Amino acid sequence: MPGQVVLEYSYLLSAIMFVIGLKLQSHPETARKGNFWAASGMILPMITTLILNRNGAGEAIGMGNVIAILLIIAAGTVVGSIMARKVKMTAMPQMVSFFNATGGAASAAVALIEYTKNPDQAVLVGLLGLVVGSIAFSGSMIAYGKLDGKVGDIFAKFMTYVNLLFMAVIVAVILLVLFGGFDAQTRTYLVFGLLVISLVYGVSFVMPIGGADMPVVISLLNSLTGIAAAMAGFIYQNEAMILGGILVGAAGTILTLQMCKAMNRSLINVIIGSFGGGGASHA
Amino acid sequence: MENVLTFLTANKDAIFIIVLSVFLGFEVISNVPSVLHTPLMSGANAISGVIIIGGIILVGHASTTFEWVLGSLALFMATLNVAGGFVVTDRMLEMFKKKKK
């Protein structure tokens, strides 16, 4: 099918544009041009997907759905741009965190819907998309709240252990869903439980970290959102999503480490240290 | 064990893409000057909105009310991520440019 070929190669083109965009954005003179490349790399696959995508039964996207999609995207673009334009320069980091939260929530929602479509086939990538997306969502919302002065810090050494416990529970539930041999009904309860635990974990993960370390945490959560998007891309076997997501995941991780280095801290120190801007002797 | 093998074989292409893009991501971001840390974080955040493609596919083939409602919400939030992300990044870089002059 010629349409399918055009679609797949438009994904390749989009991936190339993402790479060029990120590359240009890491140099001061070309940074703005890089942002333009990345944005174009996003618009291209949106258009080709809308026109050329076909589901498993070979059906194209219906006219009513196309109109709904265009309306939703128009609404999102207007709201997003207004928010981004109105925000004060000093409030930029929390704005980024907020947008990161919406991206994470979108990934989690996509993974959840795909699960409900096919509850007999719980797949690892789908569950990971759900978990990682939810953590990125609630974590970013807390980071946003902290930078905006709406959420205070909780200093408690035991939070580290609570977080480790949460992580263990999440892994255990994923294994139960995949290999527990439960019927679809029980599995659905477990999946929704997984969603809740992940949301709570995102909160308890960011809560003890001090406000001054938030940019590092946002960068880390940002790479999580990328990974969540890639996992959702895995479900659809969609190369643009896989490549874009993993690219952000990897680049975000490196960026996080570089930010830590610029602050003379290690990432572990930021996460477990549980203090912000205070004396390092505390750790 | 057999499940794992089937999975690895069936998703060979995707796994290749993932492994190689991890290296690509590491390579692309190397030694960024610290002034660019926040704009780059914002730029990468906008790209992670690529989940918008998933939203389009979902709403495009939505049939049940649940799919319509949650799918529309997902698409809307992904659009916020993409549009807001790119605009915020542009504003940051714009400010950066003026500072340099």
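Matching residues to (1) in contact (Cβ under 8 Å) with a residue 12 or more places away in the chain; (2) open to solvent by less than 50 Å² (accessible area, probe 1.4 Å):
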position	(1), (2)
A:Met46	yes, yes
A:Leu50	yes, yes
A:Ile72	no, yes
A:Val79	no, no
A:Val87	no, yes
### Query
Taking region A:174-188, which residues are in a helix (DSSP H, G or I) and within 15 Å of A:Asn118 (Cα to Cα)?
A:Val177, A:Leu178, A:Ala184, A:Gln185, A:Thr186, A:Arg187, A:Thr188
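Tell me which residues, restricted to region A:235-248, are assigned to a helix (DSSP H, G or I), buried (at least 24 other Cβ atoms within 10 Å of the Cβ) and touching a residue at least 24 places away in the same chain (Cβ under 8 Å).
As a first pass, look at region A:235-248 and keep what is assigned to a helix (DSSP H, G or I): A:235-236, A:239-248.
Checking the rest, the ones that are also buried (at least 24 other Cβ atoms within 10 Å of the Cβ) come to A:240-248.
Result: A:Ala240, A:Leu243, A:Gly244, A:Leu247, A:Val248.
Only residues that are under 17 Å from the mean Cα position of the chain (by Cα), surrounded by 12 or more Cβ atoms within 10 Å (Cβ to Cβ) and over 19 Å from A:Ser219 (Cβ atoms): list them for region B:12-38, please.
B:Ala14, B:Ile17, B:Ile18, B:Leu20, listed by residue number.
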### Task
Answer yes or no: is there a residue in region B:77-95 that is open to solvent by 30 Å² or more (accessible area, probe 1.4 Å), facing another protein chain (nearest Cβ under 7 Å) and closer than 17 Å to A:Ser219 by Cβ.
no
### Task
Quickly run through region A:115-167 and pick out the residues that are more than 19 Å from the chain's Cα centre (by Cα), open to solvent by less than 60 Å² (accessible area, probe 1.4 Å) and among the aromatic types (Phe, Trp, Tyr).
A:Phe166
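For region A:37-60, which positions are part of a helix (DSSP H, G or I) and either under 18 Å from A:Gly245 (Cα atoms) or of a type in the set (S, T, N, Q) (or both)?
Result: A:Trp37, A:Ala38, A:Ala39, A:Ser40, A:Gly41, A:Met42, A:Ile43, A:Leu44, A:Pro45, A:Met46, A:Thr48, A:Thr49.
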#### Entry: Matching residues, region A:234-259, being modelled with pLDDT of 90 or more and β-branched (Val, Ile, Thr)
A:Ile242, A:Ile246, A:Val248, A:Thr253, A:Ile254, A:Thr256
### Summary
Exactly one of A:Met263, A:Met231 is more than 8 Å from chain B (Cβ to nearest Cβ) and modelled with pLDDT of 90 or more, and that residue is A:Met231
### Summary
A:Val177 fails exactly one of (1) in contact with a Lys or Arg (Cβ under 6 Å, 6 or more places away or on another chain); (2) closer than 20 Å to A:Leu267 by Cβ, namely (2)
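Being assigned to a helix (DSSP H, G or I), at the interface with another protein chain (Cβ under 7 Å from one of its Cβ atoms) and open to solvent by 10 Å² or more (accessible area, probe 1.4 Å) is the filter here, so list the residues in region B:40-76 that pass it.
B:Ile57, B:Phe66, B:Glu67, B:Leu70, B:Ser72, B:Leu73, B:Phe76
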## Note on the structure
Going through (1) under 16 Å from B:Met41 (Cα atoms); (2) facing chain B (nearest Cβ under 8 Å) one by one, A:Gly80 fails only at (1)
#### Entry: Output for region A:15-68, where each listed residue is among the hydroxyl-bearing types (Ser, Thr, Tyr) and at the interface with chain B (Cβ under 8 Å from one of its Cβ atoms)
A:Ser26, A:Thr49
### Message
As an exercise: evaluate A:Ala106 against (1) closer than 19 Å to B:Ser72 by Cβ; (2) among the hydrophobic types (A, V, I, L, M, F, W, C); (3) over 18 Å from the mean Cα position of the chain (by Cα) and give the number of the one condition it does not meet.
### Response
(3)
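Can you tell me which of A:Gly3, A:Gly41 is closer than 29 Å to B:Asn31 by Cβ and open to solvent by less than 80 Å² (accessible area, probe 1.4 Å)?
Details: A:Gly3 fails: closer than 29 Å to B:Asn31 by Cβ.
The match here is A:Gly41.
The values are calculated or read from the model by the stated rules, or taken from the named source; none is laboratory data. Bear in mind the structure is a predicted one, so any value in this text is a computation, not a measurement. No Cβ is skipped: glycine too gets one built from the backbone with ideal geometry, and neighbour counts run over all protein chains shown. Keep in mind that these areas ignore ligands, DNA and RNA; they rest on the heavy atoms of the full protein, side chains included. Shrake-Rupley method; radii C 1.70, N 1.55, O 1.52, S 1.80 Å.
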